[in-house]
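Okay, structure first, notes after.
The values are calculated or read from the model by the stated rules, or taken from the named source; none is laboratory data. Note that this is a predicted model, so its numbers are computed, not measured. Heads up, the Cβs are rebuilt from the backbone with ideal geometry, glycines too, and the neighbour counts pull from every protein chain shown.
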Amino acid sequence: MRIVSGIQPTGNLHLGNYLGAIRNWVKMQDEVTASGGQCLYFLADLHAISMPHTPAELAANTREMVAALVACGIDPDRSILFNQAQVPQHAELQWLLNGTARMGWLNRMTQWKDKAGKNREGASVALFTYPVLQAADVLLYQATHVPVGEDQKQHLELARDIAQKFNNDFCPEDAPLFTLPDAFIPPEAARIMSLRDGSSKMSKSDPSDMSRINMTDSADTIMQKVKKAKTDPEPLPAEAAGLEGRAEARNLVAIYAVMAGTTVDAVLAEFGGEGFGKFKPALGELLVETLAPINARFLQLREDKAGLDAILRKGAEKARALAVPTLDKTYEALGLVRG
């Protein structure tokens, strides 16, 4: 089993990132490596340049994300942790796969439509071909499984389509080049919503800092944000069905359940009938207790720029060793003479 997954180095890591992806990365690292498999986790800095960005911020955010991942439990000695820019095989394979990908396939990508908006003519080519780079990211390493949320299933299907068409067009029937990766949907892939609007995902792009719990927030700030989180006047119900139509209440209960490693029904069995005046302080204390050691480790690691760069170099070296054989076979399959 070989798992490959990436995350954009956007900075301002928040609770949604941690519970939605990173915590599951740590669990997969522990389970997959224990059974002899491999986990490759990368910072998607090449993807980041598909949208307007500030170069200095991208470099700083990349190092900050490495610090955050290690603080959360990613072990560079057990997982391969690197950034795309140090493994040029990602970009090379994307170009080679551009000959197999089809315009119609890319035009149907919902994220392309969402991010380009009405100004498609003004969007970058990189944004349009972003899914081909995503395909290269996983096919390059012969990934068997890729962790995906609901919003990434379409991109994984595209990667499988590209791999299948390439295998059909350029490989002997009994010797396909690319492994078709399967989706791995973690059982606790929590979808954490804004503290100000239960219908919107928690996001760093929200102009209100009160909408999210940042991984760098102090204990006092976390408690303040939880206490001021939007709710309704009704007490908590005794069972999950009673949260229907109560987006903010459902979000806070879900956060508590995931952080405590329990179920929504178990949380409601404890707090059902209680108002938010009792529930919010309990949630705040749980968040502070869980995040405090991560926060302390993150702040320590963030100051060691040389150490973070060393982690990325070491990971990139391991990633390149795995990537080169697949890339060489791709050139060969396409009939490209390299000397």
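General observations
- Test: residue in region 168-182 that is surrounded by 21 or more Cβ atoms within 10 Å (Cβ to Cβ), modelled with pLDDT of 95 or more and of a type in the set (Gly, Ala, Ser): no
Rundown of residues vs (1) modelled with pLDDT under 95; (2) of a type in the set (Gly, Ala, Ser); (3) in contact with a helix residue (DSSP H, G or I) (Cβ under 8 Å, 6 or more places away or on another chain), yes/no style:
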| residue | (1), (2), (3) |
| --- | --- |
| Asp206 | yes, no, no |
| Met210 | no, no, yes |
| Thr216 | yes, no, yes |
| Lys230 | no, no, yes |
| Arg246 | no, no, no |
| Val267 | no, no, yes |
| Phe271 | no, no, yes |
| Leu286 | no, no, yes |
| Thr290 | yes, no, yes |
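- Search result, residues across region 1-11 that are surrounded by fewer than 22 Cβ atoms within 10 Å (Cβ to Cβ) and either in contact with a Ser or Thr (Cβ under 8 Å, 6 or more places away or on another chain) or in a helix (DSSP H, G or I) (or both): Met1, Arg2
- Residue in region 236-252 that is surrounded by fewer than 22 Cβ atoms within 10 Å (Cβ to Cβ), of a type outside the set (Gly, Ala, Ser), in contact (Cβ under 8 Å) with a residue 24 or more places away in the chain and in contact with a Phe, Trp or Tyr (Cβ under 7 Å, 6 or more places away or on another chain) present: no
- Among the residues making up region 291-326, those that are surrounded by 15 or more Cβ atoms within 10 Å (Cβ to Cβ) and among the polar types (S, T, N, Q) are Asn295, Thr326.
- Check on Ala266, more than 24 Å from Ala68 (Cα to Cα) and either in contact with a Ser or Thr (Cβ under 9 Å, 6 or more places away or on another chain) or not in a helix (DSSP H, G or I) (or both): no
- Counted residues, region 199-228 - those being outside any helix (DSSP H, G or I) and in contact with a Ser or Thr (Cβ under 9 Å, 6 or more places away or on another chain): 11
- Test for Glu57: is it assigned by TED's automatic domain parsing to the domain that holds Leu139, of a type in the set (D, E, K, R) and closer than 24 Å to Thr129 by Cβ: yes
- Verdict on Thr33 being assigned by TED's automatic domain parsing to the domain that holds Leu322, of a type in the set (S, T, N, Q), surrounded by fewer than 18 Cβ atoms within 10 Å (Cβ to Cβ) and outside any loop (DSSP other than H, G, I, E, B): yes
- Inspection of region 98-105 finds a residue satisfying the criterion of being within 13 Å of His155 (Cα to Cα), out of contact with any strand residue (DSSP E or B) (no Cβ under 7 Å at 6 or more places or on another chain) and surrounded by 15 or more Cβ atoms within 10 Å (Cβ to Cβ).
- Qualifying residue in region 18-29 (condition: among the hydroxyl-bearing types (Ser, Thr, Tyr) and surrounded by fewer than 20 Cβ atoms within 10 Å (Cβ to Cβ)): no
- Test: residue in region 68-78 that is touching a Ser or Thr at 6+ places or on another chain (Cβ under 6 Å), of a type outside the set (S, T, N, Q) and not in a helix (DSSP H, G or I): yes
- When region 150-175 is filtered for residues that are assigned to a loop (DSSP other than H, G, I, E, B) and touching a helix residue (DSSP H, G or I) at 6+ places or on another chain (Cβ under 7 Å), only Cys171 remains.
- Scanning region 268-290 for residues that are in contact (Cβ under 8 Å) with a residue 12 or more places away in the chain and under 13 Å from Glu234 (Cα atoms), we see that the one that is surrounded by the fewest Cβ atoms within 10 Å (Cβ to Cβ) is Gly273.
- Of all residues in region 57-67, at least one satisfies being surrounded by fewer than 21 Cβ atoms within 10 Å (Cβ to Cβ), more than 28 Å from Ala321 (Cβ to Cβ) and among the acidic types (Asp, Glu).
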